[in-house]
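The values are calculated or read from the model by the stated rules, or taken from the named source; none is laboratory data. Predicted model, so just to flag it, every value in this text is computed and none were measured. Cβ placement follows ideal geometry from the backbone for every residue including glycine, while neighbour counts extend to all protein chains displayed. These accessible areas exclude ligands, DNA and RNA; they are computed on the full protein's heavy atoms, side chains included. Shrake-Rupley method; radii C 1.70, N 1.55, O 1.52, S 1.80 Å.
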Amino acid sequence: MSINLCRIDDRLIHGQVVTQWVNRSGANRIVIIDDGVAKDPFMCNVVKMLAPVGTKVEVYSIADGIEPLKKYSESADIKVLILVKIPQSVLGLVEGGVPIKEMIVGGMGKREGRTVLYRNITADEEERACMRTLIDKGVHVICQIVPDQKGEEAAPLLK
């Protein structure tokens, strides 16, 4: 399977993703799944410019990303890092048949309605319920802010 990493990070592509997560995952393609960004040509161009040299970036809505990701998951040559802003995007992919086995919860910053889940990761009740559903569907969910830090199992934090 060539989905090397699926990460929630509300900043999508930024320095840490470019310098650390891409290397850790061995990805040669970043697929951003976000309905809002997919509709915004300016933001699509911005995220593509921020990617490491030689790393292809594609931006899709949840619905439009399902088929390409299913295809990529069967390819030995394409190694994908999926980036999303919220867990609902991952749930949409999983329910659409994308074989995501693990999701790393990283940058989910403070905003109204969110409370601390783990360190500086926050989530509202809908996001927490979504993560519980993903776990119930067999997705290993961990909280991990940086690649060189040990991840923390999300299940006990969601109880």
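I need the helices (runs of 4 or more DSSP H) fully contained in segment 8-102, keeping only those with at least 1 residues that are under 18 Å from Ile142 (Cα atoms) and open to solvent by less than 30 Å² (accessible area, probe 1.4 Å).
Values: elements: 22-25, 35-38, 41-50, 62-73, 87-95.
In segment 8-102, 22-25, 87-95 are the helices (runs of 4 or more DSSP H) which contain 1 or more residues that are under 18 Å from Ile142 (Cα atoms) and open to solvent by less than 30 Å² (accessible area, probe 1.4 Å).
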Checklist outcome for this item: Scanning segment 130-159 for residues that are at pLDDT 95 or above and open to solvent by 40 Å² or more (accessible area, probe 1.4 Å) gives Arg132, Thr133, Ile135, Asp136, Lys137, Gly138, His140, Glu152, Glu153, Pro156, Leu157
Checklist entry - Applying the selection to segment 111-127, what residues are assigned to a helix (DSSP H, G or I) and either open to solvent by 50 Å² or more (accessible area, probe 1.4 Å) or touching a strand residue (DSSP E or B) at 6+ places or on another chain (Cβ under 7 Å) (or both)? => result Glu125, Glu126
